[in-house]
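Beneath this line is the structure, given in structure tokens, with notes to follow.
The values are calculated or read from the model by the stated rules, or taken from the named source; none is laboratory data. These numbers come from a predicted model, not from an experiment. Cβ: placed from backbone, ideal geometry, glycine included. Neighbour counts: every protein chain shown.
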Amino acid sequence: MSQQDMSQHNTQFGNANALTIDVEDYFHVEAFSNVVSRQDWGNKYPLRVEANTERILEILNHHQTKATFFVLGWVAEACPNLTRRIVAEGHELASHGFAHQHANKQTAKVFKQDIRRSKLLLEDQSGVEVKGYRAPSFSIGVNNAWAFKELHKAGFLYTSSTYPVKHDIYGTPDWPRFKYRRPEGIIEIPIPTLSLMGRNVPIGGGGYFRLYPYALSRYFIRQFLAQTQQPFSFYFHPWEVDPEQPKMAGISLKSRVRHYLNLKYMAPRVEQLLTDFNWDTMYNTYQLREFESDEKSGNQEDSRERLFSLGQLR
Ligand SMILES: [Zn+2]
């Protein structure tokens, strides 16, 4: 998109915010990990992610909106046409890792293999460089900040893997709330929070967006934009627009409520969000191009792998 197109686009509904989709299937979620084994993925539990992602692509096309898709490597392998379609339709392709294992449950070595495998696969399939990464369940925090170093070394430009809230599964309540460069060299773009009575309230999407009435989410987003002067970013998952998905047995009440709450309202709410705010990719919204030149010169370690992934070296 040219500069001129961008500015026209921006003045229409205010500045752009980043729309993101974490492309995984319903059986990948952490809440189900004790009842679903890896062998069941796509077998005992049939694949629905491709159809659900295609539905999201159609909604985005209808609203003439571009987004960033953080695609799980496992999904890309199972649905090889999906990454190509995402890129062909002008969206940003990014990585959600390969096997949806929490980064805080992996050793540095396993994490490194997981992120590199996913990056190379996505790049080989799509023919474009993958610059962004999001950890499963925002699982980078105080105990595994080494993950940023591995991501930087693997050639990622940015990550969006921390959520500065208190939560039982994830959260870095004392970490920065806005885009910053990590000491490890990579750019981190935390999930948005609203500062309310001394607490960071989670307003970035997913389960919270299904829990709050739409008008409250819209109010929170407007408050965030007015308070912070920062772009907002929103995340959701293909399984969240799929009320017909098979119901999982043997899970806790808390997990059941979290996963299935208000699924039928999700697609119409996302459409309302696309109408009420202006959206674009992470790369465009957070103006990541300006960080790219120092990145390229400062990180030569993996240039061979990168060239290979771009198809220039075989
Ligand atoms: Zn995920």
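Counting the residues of the range 48-66 that are within 16 Å of the ligand (Cβ to nearest atom) and touching an Asp or Glu at 6+ places or on another chain (Cβ under 7 Å) gives 3. Residues of the range 72-104 that are of a type in the set (Gly, Ala, Ser), within 16 Å of the ligand (Cβ to nearest atom), out of contact with any Ser or Thr (no Cβ under 8 Å at 6 or more places or on another chain) and part of a loop (DSSP other than H, G, I, E, B): ALA99 alone. The residues listed here are VAL142, VAL128; of these, the one that is more than 16 Å from the ligand (Cβ to nearest atom) and modelled with pLDDT under 95 is VAL142.
Filtering the range 112-154 to residues that are assigned to a helix (DSSP H, G or I), within 24 Å of ILE169 (Cα to Cα) and among the hydrophobic types (A, V, I, L, M, F, W, C) leaves ILE115, PHE138, VAL142, TRP146, ALA147, PHE148, LEU151. Of everything in the range 27-47 that's among the charged types (D, E, K, R) and more than 14 Å from the ligand (Cβ to nearest atom), which residue is farthest from ALA99 (Cα to Cα)? The residue in question is LYS44. Is it the case that the range 22-40 has a residue that's more than 26 Å from PRO190 (Cα to Cα), touching a Phe, Trp or Tyr at 6+ places or on another chain (Cβ under 7 Å) and modelled with pLDDT under 95? Yes, there is a match, as at least one residue in the range 22-40 is more than 26 Å from PRO190 (Cα to Cα), touching a Phe, Trp or Tyr at 6+ places or on another chain (Cβ under 7 Å) and modelled with pLDDT under 95.
If we scan the range 101-123, do we find a residue that is buried (at least 24 other Cβ atoms within 10 Å of the Cβ) and closer than 30 Å to ARG199 by Cα? Among the residues of the range 101-123, at least one is buried (at least 24 other Cβ atoms within 10 Å of the Cβ) and closer than 30 Å to ARG199 by Cα, which makes the answer yes. Being more than 16 Å from the ligand (Cβ to nearest atom), hydroxyl-bearing (Ser, Thr, Tyr), at pLDDT below 95 and under 20 Å from SER233 (Cβ atoms) is a property that THR107 lacks. Residues in the range 107-140 that are within 27 Å of TYR208 (Cβ to Cβ) and in contact with a Pro (Cβ under 9 Å, 6 or more places away or on another chain): 1 in all.
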